[in-house]
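**Student:** Here it is: the structure, laid out below.
All of the numbers you see were taken from the coordinates with simple rules; none came from a lab. These numbers come from a predicted model, not from an experiment. Backbone-built Cβ (ideal geometry, glycine too); neighbour counts: all protein chains shown.
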Amino acid sequence: MITSKNRITRRTILRGAGHVAIGLPFLEAMLRPRETHAQAAGGAAAPTRFVVFYTEGGTLLDKWRPTGTETQFTLSDMMSSLVPHQQNLLFLDGLDMAVTEIGVGHPHSRGMAGVLTGAELLPGTFVTGMGSASFANGPSVDQVIAGRISQASQGFKFPSLEFSTAWAISGRNLTDGAVAETSNAANTLNFAAANKPLAPMTKPVDAFNRIFKDVAAPSTAGDAERKKTVAILDAVQGEYKRISAQLGSADKAKLDEHLQMIQQMEASLSTTTSGQSCTPPGAPTAADSVDIPTKGRAMTDLLVASLACNLTRVATMQWGDSEAKYPLNFAPLSLSDVHHGYQHDSVYNPTALAQIYKWLGSNFAYLLDKLASVKEGDGTMLDNTVVLWVSEIQEPPTHLQTNMPFVIAGGKNAGIKSGRWLKVAAKTPHNNLLVTLLNVFGGAEKTFGNSKYCTGMLAGLT
């Protein structure tokens, strides 16, 4: 039991030789009598990063949907690449992208406009196949979050970064050297404001040069600082051992874990973490654009490195666009038609689609693997990043936009309750998800996007 006699103050530090001092982790022995951890923390800390992952053409809902209960569920073969991250996932089952009931254009285009903005697609001159359109009638949630984070943190080199692997229309702009394409209603996901599209970077070499060209490698001064840090850690380890003998079992375990983290820091102070020790990644080459899978991994690596180097806190990986007409003649797919052909353009082929969606899921898993590989404190970058996986439709042959296949990954330190399959109430608009995500990053908005299609916060997310 914690009393005023055995309590350690939160200002307690460990001292070593040469006036070296280092702080302690938060321990139960630092709580005031009858105080809880939640009371001491004053509420959950805000997350630091937001990432959108987009894949085109919806899903096969019966194979996307888990089986079992909310917390004890099994993933299908199509989703099997996500099994290692299952406890970091939150499946949101039952949200309707209701805002696509209004506006102009083809459902694919209305979905592209509405999925992150919660707003309708405006009239314009681009022929969508079901009327001519321009762009969404409002900003996308990632851009609002980016502005909020940048303002709170006095800005970053890039408020946000947008990447894509197969951003194209009608099969063009597939790889470096193909015909350049401009933003249109069928391919645009991110918006700075109404009718203000943000085109993604599509070439790894160009993306690297834009992001990292003036990011210096660690300097001699930086090396000296790391050596100084190692010396500090060495000096206080004896004090750690002394104080651990005075603690209860829970605090001792936490202190031992903290000591182990310090020892790991001594062994590997050069690990890239949140810009504190950033080493730019190797520059991509033409070989990184030889095919879609290789290019996708190169772009994903650049995205994660930009976060790790603290050059931005918000990013999007837009795998393709709603046209989905890039070739699939690579392993492991080796398919003769394009994705849109298997959706409905040629013939609806659920067998081929299951292969495609499994492959797209493996690319989402690769992103999560990379985020989880970056250590931050006693966790990983994935713990500090809310990752939202979206698509522009739900059902390929009919273009249905009810029961949208949304998944959230990571965000543990944002308060996201993962490891769940959350079934939401029927006819819940997806705008409720958007406003809830916005408020996770600070704020108390009641609506986002078109307010007629937003009924409030989405219960159960945090």
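**Student:** Order of 126-138, 339-351 by packing, highest average Cβ count within 10 Å first?
**Tutor:** Per-residue Cβ counts within 10 Å, averaged per peptide and sorted highest first, yield 126-138, 339-351.
**Student:** Report the calculated FRET efficiency for GLN72 and LYS252 (r = Cβ-Cβ distance, R0 = 35 Å), to the nearest 0.05.
**Tutor:** 0.60
**Student:** A further question on this structure: Less than 11 Å from a label point 7 Å out along the Cα-to-Cβ axis of GLN87: which backbone N atoms in segment 409-448 qualify, by residue?
**Tutor:** Within reach of a label on GLN87: 419.
**Student:** Next question. Give the order of SER334, SER244 when sorted by the count of other beta carbons within 10 angstrom, beginning with the fewest.
**Tutor:** SER334, SER244
**Student:** What is the fewest-to-most order of TRP389, TRP359 by other Cβ atoms lying within 10 Å of their Cβ?
**Tutor:** TRP359, TRP389
**Student:** I would also like to ask the following. Quick one: length gained pulling SER373 to HIS344 fully straight, 0.36 nm per residue minus the C-alpha distance?
**Tutor:** 6.6 nm
**Student:** State the extension gain, in nm to one decimal, for the chain segment bounded by THR462 and SER132, taking 0.36 nm per residue of separation less the distance between their alpha-carbons.
**Tutor:** Separation in residues times 0.36 nm, less the Cα-Cα distance, equals 114.9 nm.
**Student:** Also, I was wondering about something else. Figure the gain on full extension for SER336 and VAL290 (residue separation times 0.36 nm, minus the Cα-Cα span) and round it to one decimal in nm.
**Tutor:** 14.7 nm
**Student:** Another question, if that's okay. Sketch the reach of a paramagnetic label on LYS196 as a point 7 Å from Cα along Cα-to-Cβ, and name the residues of segment 124-155 whose backbone nitrogen lies under 18 Å away.
**Tutor:** The answer is 134-152, 155.
**Student:** So, one more: Just rank MET317, MET457, MET381, fewest to most, by other beta-carbon atoms within 10 angstrom.
**Tutor:** Ordered from fewest to most neighbouring Cβ atoms within 10 Å, MET317, MET457, MET381 come out as MET457, MET381, MET317.
**Student:** Given the pairs LYS196/LYS423; LYS370/LYS417; LYS157/LYS325; LYS157/LYS417, which span a C-alpha to C-alpha distance of over 26 angstrom in this model?
**Tutor:** Pairs exceeding the cut-off: LYS196/LYS423; LYS157/LYS325; LYS157/LYS417.
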